[in-house]
Amino acid sequence: MSTLISSELADFISGPVMMVVSTRDQRFRATIGRGTGALYDEATGLIDLFVCRAQWPDVVENAAPGGKIAATFVRPTDYLCYQIKGVIEDITPATEAEAARGQLYVERMLTLMEALEVRRAQLSHSLCARDLMRIGFHPSDVFLQSPGPHAGERLAGVTA
Amino acid sequence: MTRPVIRLGDLRNSFEGVIPSIIGTIDDDGMPNISYLSHVYYIDETHVALSNQFFSKTAANVRRLGVATVMVVDALSGAQHLLDLQFEQSCDSGEVFERISTHLDVMSHLRGHEGLMKLKSADIYRVTQIREVLAAAPLAPPPEPRPHRDRISHAARIISAIGAEADSDTILDAALDGLRDEMAFRNLMVLLPNEDETVLTMVASRGYDRYGTGAEVPVGTGVIGMTAASKRPVLIADLTRARRYARAITGDTAQIPLPGLEAPQCQMAVPMMAKGRLRGVIFAESELSFAFTHEDEAALGLIANQLASCLLLADLQAQAVQPSIALPPAPDTDSRRFRFRYFLHDDSVFIDNEYLIRGVPGRLLYYFVRKFTESGQRDFSNREIRRDSSLRLPDFKDNLETRLILLRRRLDEKAGPLRLSRPERGQVRLEFDGLPDIEVVGAAPALP
């Protein structure tokens, strides 16, 4: 297991957590979109993040190999949040198995959020398992992002 | 088909932080950074402000490139919008800063994080583009659009109704009835500050199972108290996961509990200002999230200031009136006796061991009862009350009427042996169902 992505963090990001993804456009503006599930592959050292291309075209169009990417992972029950930054390795359409995983993620999130009194309508435009793209990226930095004065605290990083 | 132009004002439900907003920026190395925002503040149709508390990486990135991207989510419909922002300036004082600071103070209390969310500065941005995020596969049908509510017309009618009244009692009723009937605010109350503005006392309400006249709220506590302290309106659009806040009352002030909804989801309070001073607070609440909008808040602000001005004018007018004093019939001396206890340290009054009221209204009532036992006087003019130095009233000369209303309504609600009636404007009459046995706790006051 990588020292950057501990087994706990790997489990965390592949679990029922809300995800936000950001890439950079030509104008040096951040794009913003939402993720539909993620997993860490210990063998390749890549984090695979799934994003609906139809809903978040700016994020996907600017997710080219070699480009930089940031993603946050928030556990809705206690707002524990990590931000992982890295460099994009590749981007491909989701396979059938990956799409099914994305659908499962949406269903888990709906169950969890409804238990927290978040209505389905409030999530209507946030969770999408259609037209998924897989963005694989090498993580380079991990930050704590939970709300409060320690938000943004660097937890681990790859030294150049 | 051309999509309608999106106005910033149309997105205000998305700014309330029910679903956190997200800000994205780019650093020196071209790396994106994501932060969460508790609130986006609407300034005008082309500007927003963001509170700068913790997100130092975001602040550094914005200082370098001058731009940011923000995504906001409408907590009712789930609709998402992306805003392109251009940084304009940072401020650590002024109207925008104070408004955001007040809101953050309220929200940090709501979340039990007192002091954690202290505002350092407010950053003002110009909004250069608004884009709607088109849902590829919405999970729920869009909610029915809300019917248009013409708040300016509603406010105009209520303001006219208030202005048509000359008496403080009917002015208050015109305001509350208008808010209930015209604007469909089902649960609301008016509170007035005491002379040193440390406590607000409830003087009139609508929509609760009891009136609660005389209930107190410390200034600086809860939505009502913080509105009074800041003299700025507070609107909490969704209280789903926040602790209930309006009735955050401490200490012995809860002798008369403030009425309130069991599970409010939306609360709003606006200050009543006149002649540069706080004259009171109007509070409204609802069991529905987002029941009140910022248009409601603006309309309520107009009504609140009209109410404050008219109460002040009525008070000044009552001061000028010299009523004709007719001798009222004497009370039935065979009637029962009741115990009247007056505590000097806080001017509180207990009748037959039950708390009635305190502060200036308590002091006034003691004065009336004492005068009656000494001379049989039962009618008192506002002019006479104001001139009596023993009452120590110089600091609140311009709101005697509202103190008398509070006292009269509290006596009516209590339905005890004492009441105040108004034979004519600028005059009150003490009514008895029994005779008082006065007990003063503490040093005896000097009456003329």
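A few comments on the model shown:
- The lone exception for B:Leu191 - which of (1) modelled with pLDDT of 95 or more; (2) more than 26 Å from B:Ala156 (Cα to Cα) it fails: (2)
- Residue list for the stretch B:370-387, filter: of a type in the set (Lys, Arg) and not in a helix (DSSP H, G or I): B:Arg378
- Some residue of the stretch B:117-130 being free of Cβ contacts under 8 Å to residues at least 24 places away in the same chain, out of contact with any strand residue (DSSP E or B) (no Cβ under 6 Å at 6 or more places or on another chain) and farther than 26 Å from B:Glu262 by Cβ: no
- Scanning the stretch B:58-84 for residues that are open to solvent by less than 20 Å² (accessible area, probe 1.4 Å), at the interface with chain A (Cβ under 7 Å from one of its Cβ atoms) and in a loop (DSSP other than H, G, I, E, B) gives B:Ala75, B:Gly78, B:Ala79.
- Residue count for the stretch B:389-424 satisfying the condition of being at negative phi and modelled with pLDDT under 80: 10.
- Any chance A:Ala129 is within 11 Å of chain B (Cβ to nearest Cβ), over 18 Å from A:Ile69 (Cβ atoms) and crowded, with 20+ Cβ neighbours inside 10 Å: yes
Table: residues versus (1) at pLDDT 90 or above; (2) among the aromatic types (Phe, Trp, Tyr).
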site: B:Asp10; (1), (2): no, no
site: B:Ile26; (1), (2): yes, no
site: B:Tyr36; (1), (2): no, yes
site: B:Leu50; (1), (2): yes, no
site: B:Ser56; (1), (2): no, no
site: B:Met71; (1), (2): yes, no
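- Residues considered: B:Pro143, B:Pro147, B:Pro138. Of these, the only one that is without any contact (Cβ under 8 Å) to a residue 60 or more places away in the chain and open to solvent by 20 Å² or more (accessible area, probe 1.4 Å) is B:Pro147.
- Residue check for B:Val96: modelled with pLDDT of 80 or more, part of a strand (DSSP E or B) and of a type in the set (A, V, I, L, M): no
- Complete set of residues in the stretch A:97-135 that are more than 20 Å from A:Leu49 (Cβ to Cβ) and of a type in the set (A, V, I, L, M, F, W, C): A:Ala115, A:Leu116, A:Val118, A:Ala121
- Close Cβ contacts (under 9 Å, 6 or more residues apart or on different chains) running from residues in the stretch B:276-288 that are open to solvent by less than 10 Å² (accessible area, probe 1.4 Å) to residues that are part of a loop (DSSP other than H, G, I, E, B) and of a type in the set (Asp, Glu) comprise B:Leu278/B:Glu197.
- Yes/no for A:Ala100 being modelled with pLDDT of 95 or more, closer than 19 Å to B:Ala137 by Cβ and open to solvent by 30 Å² or more (accessible area, probe 1.4 Å): yes
- Cβ-Cβ under 8 Å pairs, at least 6 apart or on other chains, the stretch B:38-51 side small (Gly, Ala, Ser), far side open to solvent by 30 Å² or more (accessible area, probe 1.4 Å): B:Ser38/A:Pro147; B:Ser38/B:Pro20; B:Ala49/B:Ile43; B:Ala49/B:Val96; B:Ser51/B:Ser38
- If you check A:Pro65, A:Pro93, A:Pro139, A:Pro147 for being within 19 Å of B:Val70 (Cα to Cα) and either more than 10 Å from every other protein chain (Cβ to nearest Cβ) or open to solvent by 70 Å² or more (accessible area, probe 1.4 Å) (or both), only one passes: A:Pro147.
- Which numbered condition A:Arg29 fails, given (1) open to solvent by less than 10 Å² (accessible area, probe 1.4 Å); (2) within 14 Å of chain B (Cβ to nearest Cβ): (1)
- Among residues that are under 30 Å from B:Gly220 (Cβ atoms), within 28 Å of the chain's Cα centre (by Cα) and open to solvent by 50 Å² or more (accessible area, probe 1.4 Å), B:Arg99 is included.
- The stretch B:28-45, subset facing chain A (nearest Cβ under 9 Å) and under 20 Å from B:Ser121 (Cβ atoms), residue surrounded by the fewest Cβ atoms within 10 Å (Cβ to Cβ): B:Ser38
- Within the stretch B:195-214, residues that are polar (S, T, N, Q) sit with their Cβ atoms under 7 Å from residues that are open to solvent by 30 Å² or more (accessible area, probe 1.4 Å), at 6+ positions apart or across chains, in these pairs: B:Thr198/B:Val219; B:Thr201/B:Asn194; B:Ser205/B:Tyr211; B:Thr213/B:Arg409; B:Thr213/B:Glu413.
The values are calculated or read from the model by the stated rules, or taken from the named source; none is laboratory data. If you're wondering where the values come from, they're calculated on a predicted model, not measured in any experiment. Quick reminder, even Gly has a Cβ in these numbers, built from the backbone with ideal geometry, and neighbours come from all protein chains shown. Only protein heavy atoms, including side chains, enter the accessible area calculation; ligands, DNA and RNA are left aside. Shrake-Rupley method; radii C 1.70, N 1.55, O 1.52, S 1.80 Å.
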